[in-house]
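Below is one structure, written out as structure tokens; the observations come after it.
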Amino acid sequence: MSSIRPLEPADIPAIAGMFQRVFCKDQTEPPAALVDYMRQLYLDAPGCDREIRPLVHVNGDGRISGFVGVNALPMTFNGRRLRAAICGSLMAEDRESDPMAGARLLKAFLAGPQDLSFSETASEVSTQMWTKLRGIVLPQYSLDWVRVIRPSTFTLSVAEHRIKLARLINPLAHAFDRFYRNRMGRGERRWSAVPESGTGQANFRVGEIDRSGFADLVGPLTAQFPLRPDWAEGQLDNILADAVQKPDQGDAIFASVTARTGTVVGAFAYHARSGDIGRVLQILALPGQAGPVIDCLIDHAAARGVAGLRGRTQPALLEAMLGRRIAFVHMASTVVHSRDDELVQAFRHSQGFINGLAGEHWSRLMGGRFD
């Protein structure tokens with residue numbers, strides 16, 4: 001008979017192999033770096049909770065056939081301390097012989113001791129399982145946003161994943177983008193591009209900072225959220241250190257946004273590689289300052305030569321994004337589950353700070369390299 005139990009250190013090589021087969025579509029042995037990383041991520045990282053642990057599904061033959069990755073996250077709600085659990089990789093093999101393994105894993109996870117469970121990467125199948133188990137989909141947290149900066153280069157960046165020869169016409173694309181963007185007026189807004197002269201935010205200054213400086217700003221810039229992370233000692237530093245290590249996405253950039261008065265009104269973190277689409281990990285802004293911070297991010301990325309930007313939405317940013325020629329697509333759902341309806345209602349009313357740093361996109365399992 002199959003069973004579900006907490007992850008043990010000896011399970012890590014098998015879990016890494018399953019991840020390699022299920023998510024990477026690679027039947028070879030997992031590299032040692034992946035095994036080491038999964039051990040650190042799920043068992044040894046700051047903030048790990050002995051009572052909120054990843055779970056494995058063991059089939060009737062005693063072999064691990066399923067896994068749900070779990071990261072604990074201390075949070076606070078109007079001063080009340082909570083334990084939250086982030087549901088990451090949910091995978092199962094031998095679906096033909098045991099099609100309910102994934103559902104049993106998720107049910108066991110949601111029955112854990114945490115006050116709150118959530119995921120920002122739920123697929124359609126996973127979302128159906130969450131809702132059957134009384135989870136809630138959060139539409140306002142479930143969109144990816146995209147901003148085109150250089151139209152021809154953006155198109156090539158998308159196409160090159162399917163057509164490798166697309167890069168051969170890069171010089172022509174860059175020439176067209178320069179011509180097109182130079183013809184746009186400063187601050188002009190089009191869906192197709194951003195002006196070479198920028199968005200016109202002259203009253204704000206962007207300064208690049210290190211990840212420690214960015215970590216220092218996270219608390220003050222999220223204080224307006226009634227429901228927000230209350231990181232364990234060393235946890236946020238560890239998350240940011242992980243987020244940096246995604247070389248395929250380009251350089252990791254942390255920056256603050258300061259008004260003329262000297263007040264820091266926002267910050268952002270993203271990866272940039274010239275000619276590619278930049279991946280935005282986090283945008284932070286004081287109430288009423290999201291618009292200028294977004295503009296500063298776009299200008300900063302444009303100056304580094306990126307083709308466009310892509311990131312995960314948060315409700316506090318949506319109003320400012322409207323009218324800034326930002327497009328929205330649904331790639332995965334953010335879902336939440338709690339036995340405390342007050343916490344669920346806080347998310348329904350956009351009072352919670354999740355996604356990005358308080359989520360899964362910082363992990364090296366999403367965009368990292370282990371070869």
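The values are calculated or read from the model by the stated rules, or taken from the named source; none is laboratory data. Predicted model, so just to flag it, every value in this text is computed and none were measured. Heads up, the Cβs are rebuilt from the backbone with ideal geometry, glycines too, and the neighbour counts pull from every protein chain shown. The area values use the complete protein model at the heavy-atom level, side chains included, leaving out ligands, DNA and RNA. Shrake-Rupley method; radii C 1.70, N 1.55, O 1.52, S 1.80 Å.
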Tally, over segment 95-135, of residues that are under 12 Å from A84 (Cβ atoms) and either touching a helix residue (DSSP H, G or I) at 6+ places or on another chain (Cβ under 6 Å) or open to solvent by less than 20 Å² (accessible area, probe 1.4 Å) (or both): 6
Just checking, does segment 136-151 include any residue being open to solvent by 50 Å² or more (accessible area, probe 1.4 Å) and either polar (S, T, N, Q) or over 22 Å from S333 (Cα atoms) (or both)? no
The lone condition A269 fails out of (1) out of contact with any Ser or Thr (no Cβ under 6 Å at 6 or more places or on another chain); (2) open to solvent by 10 Å² or more (accessible area, probe 1.4 Å); (3) aliphatic (A, V, I, L, M); (4) closer than 30 Å to A159 by Cβ is (2)
Please return the ranges of strands (runs of 3 or more DSSP E) entirely within segment 196-292 where 2 or more residues are among the charged types (D, E, K, R), touching a residue at least 24 places away in the same chain (Cβ under 8 Å) and out of contact with any Leu (no Cβ under 9 Å at 6 or more places or on another chain). 204-209
Being surrounded by fewer than 16 Cβ atoms within 10 Å (Cβ to Cβ) and free of Cβ contacts under 8 Å to residues at least 60 places away in the same chain narrows it down to one residue among R5, R39, R21; which is it? R5
Given (1) more than 16 Å from V22 (Cα to Cα); (2) assigned to a loop (DSSP other than H, G, I, E, B); (3) out of contact with any Ser or Thr (no Cβ under 7 Å at 6 or more places or on another chain), where does K107 come up short, assuming only one miss? (2)
From the list V335, V280, V264, exactly one residue is open to solvent by 10 Å² or more (accessible area, probe 1.4 Å), of a type in the set (V, I, T) and within 30 Å of A85 (Cα to Cα). Which is it? V280
Under 28 Å from the mean Cα position of the chain (by Cα), modelled with pLDDT under 95, surrounded by 18 or more Cβ atoms within 10 Å (Cβ to Cβ) and not hydroxyl-bearing (S, T, Y) - does that describe any residue in segment 208-228? no
Test E196 against the criterion of being open to solvent by 70 Å² or more (accessible area, probe 1.4 Å) and in contact with a strand residue (DSSP E or B) (Cβ under 7 Å, 6 or more places away or on another chain), and give yes or no. no
Pick from A346, A303: which is among the aliphatic types (A, V, I, L, M) and open to solvent by 10 Å² or more (accessible area, probe 1.4 Å)? A303
Scanning for something β-branched (V, I, T), in a helix (DSSP H, G or I), under 19 Å from S363 (Cβ atoms) and in contact with a strand residue (DSSP E or B) (Cβ under 9 Å, 6 or more places away or on another chain), does segment 18-35 turn up at least one residue? yes
Mind listing whichever residues of segment 157-183 are closer than 26 Å to L281 by Cβ and either at pLDDT 85 or above or part of a loop (DSSP other than H, G, I, E, B) (or both)? E160, H161, R162, D177, R181
